[in-house]
Amino acid sequence: MLRALMTAASFLALSAAAAAETTLLSGGHVIDVERGTVLKDHDILIEDGRIKAVGRAGTLGASGATAVAMQGAYLLPGLSDSHVHLTSRSDIHGYRRLTVSTARAAISGVANAEKTLRAGFTTVRNLGAPGFADVDLKSAIDSGEVPGPRIIPAGQSIGITGGHCDSNLMPYESRETGGGVADGPWAVRQKVRENKKFGAEVIKFCGTGGVLSKGTTIGAQQFTLEEMKALVEEAHELGLKVAVHAHGAKGIASAIEAGVDSIEHSSLITDESLKAAIKKGIFLSMDIYVSDFILGEGEAAGILPESLEKEKIVGKAQRERFQAAVKAGAKMAFGTDAGVYTHGMNGRQFAYMVEWGMTPADAIRAATIGNAELFGLKTDIGSLTAGKRADIIAVTGNPLTDVRELEDVDFVMKDGAVFVNELAE
């Protein structure tokens, strides 16, 4: 099927006008993500970039509105991803990363932001970028200079010397150090303040070793509990939520005690830590699709042999702990680690979430109202409700029956502006 896509230039020219006019999406089936039900033959009235009303077809009194026929498609709120790296590329891993300047990463971010929006993801948390490139990318998108999703940027990820968030590929003589490296309670507070100063809207730190970092052990805790508490306290005092990269059980337990808002990966989380996370309302953001990419295509992309071996250990274990977390009733975010794999393929994770214990409705809720709560944007996004932003996607089949429908989105609207419309064919 040929794509009926606006060019980036035409989108940018029309987006402001589209957001200011009144639009009627007519004749679609609206999915109530909170209840997991379908409202058949419904219209959505949009005014000034927000949803004004949702009602049965022909009942909204939309005289003078620009009508866009949905032709029986299934309408959902724009999807969100709690863990992406827009400035990273899936074909540049390991030592290849040393060839990428901050400016080049920012250019990739522009291309990847558009791919992400086309895939139906209208809001993302960008958990780490060099030189605050994600902050500048957000600014360019918000000003209408380039198309892309709404971004919650983290700026530079904070980590210990030699840890997962450091740069460990060069020899000692290079004096290469990651921009977010800090050791000690006062040093991590300073890094939080610096991130806030330069535009970060969420703090991401590395609490354990990682799969893709050279010389780190997955299960080893990074940062002491004292350092973690100082970091989280400082971030919360500044009004910022905290996401922790954590695979290992000890680091996860310490991060929970420190009061983080989300645990990224959560690969080896124990039953005891699950109970603690549930009690505190901490979200788990478990990227259970990406293992297939790492093990299937990672070597060709430059992923180091030691990283491939670590993924063999942690990939299946993470999926099993995901299943346990769902069964236990944990708050589950939809986070994919896009950038490790190819941008725009975020929707592939839905099927894995269903395979490992969720219903399609549960998986969709994670990427809509669940992430909206995690992001602190419940009044703005996450459901097709009057007053919320007109971030709306559509697919031709019912994703509550076949969640793979979300791997190929047919219609994308953000803030009332139509960016993709294949339904017009």
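For (1) under 26 Å from S82 (Cα atoms); (2) acidic (D, E), each residue gets a yes or a no:
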{"position": "D142", "(1), (2)": "yes, yes"}
{"position": "V146", "(1), (2)": "yes, no"}
{"position": "R150", "(1), (2)": "yes, no"}
{"position": "A154", "(1), (2)": "yes, no"}
{"position": "I158", "(1), (2)": "yes, no"}
{"position": "C165", "(1), (2)": "yes, no"}
{"position": "Y172", "(1), (2)": "no, no"}
{"position": "G179", "(1), (2)": "yes, no"}
{"position": "N195", "(1), (2)": "yes, no"}
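Counting residues in the stretch 31-51 that are within 22 Å of D380 (Cβ to Cβ), touching a Pro at 6+ places or on another chain (Cβ under 8 Å), at pLDDT 95 or above and assigned to a strand (DSSP E or B) gives one or more. So, T122, is that one out of contact with any helix residue (DSSP H, G or I) (no Cβ under 8 Å at 6 or more places or on another chain) and crowded, with 22+ Cβ neighbours inside 10 Å or not? Criteria met by T122. Restricting attention to the stretch 235-260, the residues that are surrounded by fewer than 24 Cβ atoms within 10 Å (Cβ to Cβ) and either assigned to a strand (DSSP E or B) or among the acidic types (D, E) (or both) add up to 3. Per the listing G397, G387, the residue uniquely part of a loop (DSSP other than H, G, I, E, B), on the phi > 0 side of the Ramachandran plot, in the same structural domain as R35 (by TED's automatic domain parsing) and touching a residue at least 40 places away in the same chain (Cβ under 8 Å) is G387. When A129 is tested against (1) small (G, A, S); (2) touching a Phe, Trp or Tyr at 6+ places or on another chain (Cβ under 7 Å); (3) under 30 Å from D380 (Cα atoms), just one condition goes unmet, and that condition is (2). Only residues that are more than 23 Å from the chain's Cα centre (by Cα), within 24 Å of H247 (Cα to Cα) and of a type outside the set (D, E, K, R) were counted across the stretch 177-210, and they come to 7. Here A187 clears all of (1) on the phi < 0 side of the Ramachandran plot; (2) buried (at least 21 other Cβ atoms within 10 Å of the Cβ); (3) of a type in the set (G, A, S) except the condition numbered (2). Of the residues A187, A133, A200, A140, the single one that is small (G, A, S), in a loop (DSSP other than H, G, I, E, B) and not assigned by TED's automatic domain parsing to the domain that holds G49 is A200.
Hey, does the stretch 76-92 have a residue that's farther than 22 Å from I152 by Cα and in contact with a His (Cβ under 6 Å, 6 or more places away or on another chain)? Write out each step before concluding.
Step one: filter the stretch 76-92 for residues farther than 22 Å from I152 by Cα, giving 91-92.
With the extra rule that they be in contact with a His (Cβ under 6 Å, 6 or more places away or on another chain), the set shrinks to none.
No, the stretch 76-92 has no match at all.
Among the residues of the stretch 305-328, is any touching a Lys or Arg at 6+ places or on another chain (Cβ under 8 Å), in a loop (DSSP other than H, G, I, E, B), in the same structural domain as G184 (by TED's automatic domain parsing) and modelled with pLDDT of 95 or more? No, there is no match, as no residue in the stretch 305-328 is touching a Lys or Arg at 6+ places or on another chain (Cβ under 8 Å), in a loop (DSSP other than H, G, I, E, B), in the same structural domain as G184 (by TED's automatic domain parsing) and modelled with pLDDT of 95 or more.
Residues of the stretch 74-102 that are surrounded by fewer than 23 Cβ atoms within 10 Å (Cβ to Cβ) and either assigned to a loop (DSSP other than H, G, I, E, B) or without any contact (Cβ under 8 Å) to a residue 12 or more places away in the chain (or both): R89, S90, D91, I92, H93, T99, V100, S101. Of all the residues in the stretch 355-371, those that are hydrophobic (A, V, I, L, M, F, W, C) and either buried (at least 21 other Cβ atoms within 10 Å of the Cβ) or not assigned by TED's automatic domain parsing to the domain that holds F283 (or both) number 4.
The values are calculated or read from the model by the stated rules, or taken from the named source; none is laboratory data. The structure displayed is predicted, hence computed values, not measured ones. Please note: Cβ atoms are built from the backbone with ideal geometry, for glycine as well, and neighbour counts cover all protein chains shown.
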